[in-house]
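Trainee: Pasting a structure here, questions to come.
The values are calculated or read from the model by the stated rules, or taken from the named source; none is laboratory data. Values in this document were obtained by computation on a predicted structure and should not be read as measured data. Because the Cβ atoms are built from the backbone with ideal geometry, glycine has one as well, and the counts that use them run over all protein chains shown. Just so you know, the surface numbers come from the protein's heavy atoms only, side chains and all, with ligands and any DNA or RNA stripped out. Shrake-Rupley method; radii C 1.70, N 1.55, O 1.52, S 1.80 Å.
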Amino acid sequence: DSIPVLTIDGPSGAGKGTVSRIVASRLGWHYLDSGALYRAVGVAASWANLDISDPAALVRCTFDTRVSFSDAEHGLRVLVNDVDATDELRLETTGAVASAIAAFPEVRSALKERQRAFRQPPGLVADGRDMGTVIFPDAPFKVFLTASAEERAKRRYKQLKDKGVSVTLDGLLREILARDARDAQRTVAPLRPAEDAVLIDTTGLDIEQVVERVLALVNP
Ligand code: C5P
């Protein structure tokens, strides 16, 4: 495939979403938020009261769930079965459900082609856990973003506090460590950098510094 892809993988809270969106917009490339697809399936499954430990039901739900991304006035909105689910998708509880269903290989493969369809000219920035390892192994540009768990908990704390959500730093840190462990230890597509990925530790860097480092890979 000659359409370029920049994959940005890493644990939650490393800044992937913010960095990927800015980089995509500067390059004029499309953007895939693959976590939003897992979150959308999780939300649709809970709306339908499905048993989220039943992979067959989840696969049906994956194929039945329409997900569309729209660039509305107030930032990127995500519609699940034509309902604006943007706020619900961001909840920590939704992240936990997404992480649980993402552990089923059946669910992962049901989402594979859907993710690859985002590869459209002039290029794609793909944000997730296995973009460089599984979904776009032939991507010419691969980044693995990390940050210490403490730094990621602090960033998430600030984001949530700014939104008026009441959380504790300690609770967030525990959730982040638990989710990291689940994502890294699962047998299918565990979170790990692709062999040819460039590692960027964002601890102590601001967003612009990270964006510049990533852009320098694409346009040296
Ligand atoms: O990135 P985000 O926090 O939105 O992802 C939610 C969950 O979906 C992650 O914790 C992870 O378990 C799962 N996920 C995944 N593979 C991806 C993207 C997300 O397994 N490519």
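Trainee: Going through region 124-134 one residue at a time, which ones are farther than 19 Å from ARG179 by Cα, outside any helix (DSSP H, G or I) and near the ligand (Cβ under 10 Å from one of its atoms)?
Mentor: Across region 124-134, the qualifying residue is only ALA126.
Trainee: Quick one: count up the residues across region 24-42 that are under 15 Å from the mean Cα position of the chain (by Cα) and either not polar (S, T, N, Q) or not in a helix (DSSP H, G or I) (or both).
Mentor: Here the count works out to 13.
Trainee: From the list LEU145, LEU173, which residue is part of a strand (DSSP E or B) and among the hydrophobic types (A, V, I, L, M, F, W, C)?
Mentor: LEU145
Trainee: Would you be able to tell me the number of residues in region 10-46 that are under 14 Å from VAL210 (Cα atoms) and either among the basic types (Lys, Arg) or open to solvent by 10 Å² or more (accessible area, probe 1.4 Å) (or both)?
Mentor: 8
Trainee: Give the residue that is farthest from ALA126 (Cα to Cα), with candidates limited to residues of region 188-220 that are assigned to a strand (DSSP E or B) and open to solvent by 30 Å² or more (accessible area, probe 1.4 Å).
Mentor: Among those residues, the one meeting the criterion is ASP201.
Trainee: With respect to LEU50, is the statement that it is open to solvent by 10 Å² or more (accessible area, probe 1.4 Å) and not hydroxyl-bearing (Ser, Thr, Tyr) true?
Mentor: Taking the combined requirement at face value, the residue satisfies it.
Trainee: Return yes when ALA178 is closer than 22 Å to ALA98 by Cβ, open to solvent by 40 Å² or more (accessible area, probe 1.4 Å) and within 16 Å of the ligand (Cβ to nearest atom) and no when it is not.
Mentor: Answer is yes for this residue.
Trainee: Every residue in region 124-148 that is under 17 Å from the mean Cα position of the chain (by Cα), among the small types (Gly, Ala, Ser) and under 22 Å from GLN185 (Cβ atoms), please.
Mentor: Passing the criteria: GLY128, GLY132, ALA147.
Trainee: Follow-up question, since we're still on this one. Counting just the residues of region 101-123 that are in contact (Cβ under 8 Å) with a residue 60 or more places away in the chain and small (Gly, Ala, Ser), which one comes out farthest from the ligand (Cβ to nearest atom)?
Mentor: The extreme case among them is GLY123.
Trainee: Name, by its number, the condition in (1) in a helix (DSSP H, G or I); (2) closer than 19 Å to ALA147 by Cα; (3) within 15 Å of the ligand (Cβ to nearest atom); (4) at pLDDT 95 or above that does not hold for THR7.
Mentor: It fails just one condition, (1).
Trainee: Are any residues in region 75-90 aliphatic (A, V, I, L, M), within 15 Å of the chain's Cα centre (by Cα) and more than 11 Å from the ligand (Cβ to nearest atom), and if so, which ones?
Mentor: LEU76
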